[in-house]
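Undergrad: Let me begin by handing over the structure; questions about it come next.
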Amino acid sequence: MEKKVVPKCRFGQHSYFSAEGRWLPCCSHPAMGEEFDRSIFSRDEYLLKNNDSVDEFHLKDSFLNWIEHIENSYESNLDVCKGRCSLQSHEAMKKDKRIHWTMEELEEYEA
Ligand code: SF4
């Protein structure tokens, strides 16, 4: 099977705000440390206080570009993303009927 990350955070459905009011894509993404410092989510644009709407974080250009990058550049992804959101992990969840993606969405990646 192709090595690919299929980000479960793609539509913002796993996002949360940290105690400092920072939007993060999922609870597995580092919220501190070197990897966090290098990520787009350490930028001020991801602080709630710098935004007008909670609903628009997952529509930011930087987030959409990041999603595109992690889908198309497997080796440069964080290990946590390779593990939690690999195509293989989606397959396993699908078998367990725990998948929340539609079959059509997943088939997009299997093509
Ligand atoms: S592990 Fe990575 S790709 Fe998966 S939901 Fe979290 S941030 Fe997104």
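Undergrad: For the chain, which helices (runs of 4 or more DSSP H) that fit wholly inside it have 1 or more residues that are at pLDDT below 95, away from the ligand (no atom under 12 Å from the Cβ) and surrounded by 13 or more Cβ atoms within 10 Å (Cβ to Cβ)?
TA: Answer list for the chain: 87-95, 103-110.
Undergrad: Do any residues in region 18-46 that are more than 17 Å from Glu56 (Cα to Cα) have Cβ atoms under 8 Å from those of residues that are surrounded by 11 or more Cβ atoms within 10 Å (Cβ to Cβ) and among the charged types (D, E, K, R), where the two are at least six apart or on different chains, and which pairs are they?
TA: Between residues of region 18-46 that are more than 17 Å from Glu56 (Cα to Cα) and residues that are surrounded by 11 or more Cβ atoms within 10 Å (Cβ to Cβ) and among the charged types (D, E, K, R), the close pairs are Ser28/Arg84; Ala31/Arg22.
The values are calculated or read from the model by the stated rules, or taken from the named source; none is laboratory data. Just so we're clear, the structure is a prediction, and the values are computed from it rather than from any experiment. Using ideal geometry, Cβ is built from the backbone for each residue, glycine included, and neighbour counts are taken over all protein chains shown.
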